[in-house]
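Beneath this line is the structure, given in C-alpha coordinates, with notes to follow.
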Amino acid sequence: MEVKVTNENFEELKNGNLPFVVDFWATWCGPCRMIAPIVEELAKEYDGKIVVGKCDVEEADDVAMEFGIRNIPTILFFKDGKVVDKHVGAVAKAKLQEKFEALLK
(Lines give C-alpha, C1' and ligand atoms only; values in the text may rest on other atoms or scores of the structure.)
Protein backbone atom coordinates (compact mmCIF):
# COMPACT_ATOMS: atom_id res chain seq x y z
CA MET A 1 0.00 0.00 0.00
CA GLU A 2 1.22 3.48 -0.86
CA VAL A 3 1.04 6.34 1.63
CA LYS A 4 0.60 9.99 0.73
CA VAL A 5 3.68 11.98 1.69
CA THR A 6 3.06 15.50 2.98
CA ASN A 7 5.22 18.24 4.46
CA GLU A 8 3.75 17.25 7.83
CA ASN A 9 4.30 13.45 7.82
CA PHE A 10 7.56 13.17 5.87
CA GLU A 11 9.98 13.15 8.83
CA GLU A 12 7.95 10.50 10.65
CA LEU A 13 7.87 8.25 7.57
CA LYS A 14 11.56 8.81 6.77
CA ASN A 15 12.64 7.94 10.32
CA GLY A 16 10.32 4.95 10.75
CA ASN A 17 11.42 1.38 11.49
CA LEU A 18 11.14 0.21 7.87
CA PRO A 19 13.07 1.31 4.78
CA PHE A 20 11.21 4.09 2.95
CA VAL A 21 10.83 4.71 -0.79
CA VAL A 22 9.39 8.01 -2.04
CA ASP A 23 8.09 8.57 -5.56
CA PHE A 24 8.16 12.32 -6.32
CA TRP A 25 5.57 13.04 -9.02
CA ALA A 26 2.96 15.49 -10.32
CA THR A 27 -0.44 14.99 -11.94
CA TRP A 28 0.66 16.66 -15.20
CA CYS A 29 3.80 14.50 -15.61
CA GLY A 30 3.51 11.83 -18.33
CA PRO A 31 6.49 9.68 -17.24
CA CYS A 32 5.16 9.84 -13.65
CA ARG A 33 1.88 8.33 -14.81
CA MET A 34 3.84 5.66 -16.71
CA ILE A 35 5.67 4.40 -13.63
CA ALA A 36 2.80 4.88 -11.15
CA PRO A 37 1.37 1.36 -11.70
CA ILE A 38 4.85 -0.15 -11.24
CA VAL A 39 5.40 1.71 -7.98
CA GLU A 40 1.92 0.67 -6.82
CA GLU A 41 2.63 -3.00 -7.62
CA LEU A 42 5.91 -2.91 -5.74
CA ALA A 43 4.24 -1.19 -2.78
CA LYS A 44 1.84 -4.15 -2.55
CA GLU A 45 4.58 -6.75 -3.04
CA TYR A 46 6.79 -5.24 -0.32
CA ASP A 47 3.98 -4.32 2.09
CA GLY A 48 5.22 -4.84 5.64
CA LYS A 49 8.88 -4.74 4.52
CA ILE A 50 9.21 -1.31 2.87
CA VAL A 51 7.03 1.79 3.22
CA VAL A 52 6.29 3.31 -0.19
CA GLY A 53 5.17 6.92 -0.39
CA LYS A 54 3.88 9.15 -3.17
CA CYS A 55 4.92 12.79 -2.90
CA ASP A 56 3.15 15.29 -5.14
CA VAL A 57 5.83 17.95 -5.66
CA GLU A 58 3.20 20.67 -5.92
CA GLU A 59 1.51 19.77 -2.63
CA ALA A 60 4.61 18.86 -0.58
CA ASP A 61 6.96 21.45 -2.03
CA ASP A 62 9.00 21.72 1.21
CA VAL A 63 10.00 18.06 0.93
CA ALA A 64 10.79 18.38 -2.78
CA MET A 65 12.94 21.46 -2.11
CA GLU A 66 14.77 19.78 0.78
CA PHE A 67 16.04 17.11 -1.59
CA GLY A 68 16.54 19.38 -4.61
CA ILE A 69 13.97 17.56 -6.74
CA ARG A 70 14.08 19.27 -10.12
CA ASN A 71 13.13 16.44 -12.46
CA ILE A 72 10.25 14.05 -12.01
CA PRO A 73 9.66 11.26 -11.59
CA THR A 74 12.40 10.96 -8.99
CA ILE A 75 12.44 8.05 -6.58
CA LEU A 76 14.47 8.29 -3.37
CA PHE A 77 15.37 5.27 -1.26
CA PHE A 78 15.85 5.80 2.49
CA LYS A 79 17.35 3.50 5.07
CA ASP A 80 17.78 4.57 8.70
CA GLY A 81 16.53 8.04 7.76
CA LYS A 82 19.22 8.62 5.11
CA VAL A 83 19.07 8.60 1.30
CA VAL A 84 20.92 5.49 0.10
CA ASP A 85 19.83 5.44 -3.56
CA LYS A 86 18.06 7.55 -6.16
CA HIS A 87 16.48 7.07 -9.58
CA VAL A 88 15.38 9.84 -11.94
CA GLY A 89 13.06 9.21 -14.89
CA ALA A 90 10.90 6.34 -16.07
CA VAL A 91 12.19 2.87 -15.29
CA ALA A 92 11.34 -0.78 -15.91
CA LYS A 93 9.85 -2.77 -13.03
CA ALA A 94 12.82 -5.18 -12.93
CA LYS A 95 15.30 -2.33 -12.36
CA LEU A 96 13.16 -0.78 -9.64
CA GLN A 97 12.68 -4.17 -8.00
CA GLU A 98 16.49 -4.58 -7.84
CA LYS A 99 16.67 -1.32 -5.90
CA PHE A 100 13.89 -2.47 -3.53
CA GLU A 101 15.75 -5.73 -2.89
CA ALA A 102 19.03 -3.85 -2.25
CA LEU A 103 17.21 -1.72 0.32
CA LEU A 104 16.37 -4.85 2.32
CA LYS A 105 20.00 -5.98 2.64
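The values are calculated or read from the model by the stated rules, or taken from the named source; none is laboratory data. Please read all numbers here as calculations on a predicted model, not as lab measurements. Here the Cβ is made from the backbone with ideal geometry for all residues, glycine too, and neighbour counts use every protein chain on show. With ligands, DNA and RNA removed, areas are computed over all heavy atoms of the protein, side chains included. Shrake-Rupley method; radii C 1.70, N 1.55, O 1.52, S 1.80 Å.
Hey, among Ala102, Ala64, Ala94, which residue is modelled with pLDDT of 95 or more, part of a helix (DSSP H, G or I) and either under 14 Å from the mean Cα position of the chain (by Cα) or farther than 21 Å from Glu41 by Cβ (or both)?
Answer to the check: Ala64.
Taken over the range 31-45, the criterion of being open to solvent by 30 Å² or more (accessible area, probe 1.4 Å), closer than 16 Å to Ile75 by Cα and not aliphatic (A, V, I, L, M) is satisfied by Pro31, Arg33, Pro37, Glu40, Glu41. Do any residues in the range 46-70 that are closer than 22 Å to Leu104 by Cα have Cβ atoms under 8 Å from those of residues that are assigned to a loop (DSSP other than H, G, I, E, B) and aromatic (Phe, Trp, Tyr), where the two are at least six apart or on different chains, and which pairs are they? Correct list of pairs: Val52/Tyr46.
Total residues in the range 46-105 satisfying the condition of being more than 21 Å from Arg33 (Cα to Cα), among the aliphatic types (A, V, I, L, M) and surrounded by 13 or more Cβ atoms within 10 Å (Cβ to Cβ): the figure is 5. When Ala43, Ala36 are screened for being in contact (Cβ under 8 Å) with a residue 12 or more places away in the chain, of a type in the set (Gly, Ala, Ser) and under 13 Å from Val91 (Cα atoms), only Ala36 passes.
Applying the criterion of being farther than 18 Å from Leu96 by Cα and open to solvent by less than 30 Å² (accessible area, probe 1.4 Å) to the residues of the range 15-29, the residue that is farthest from the chain's Cα centre (by Cα) is Cys29.
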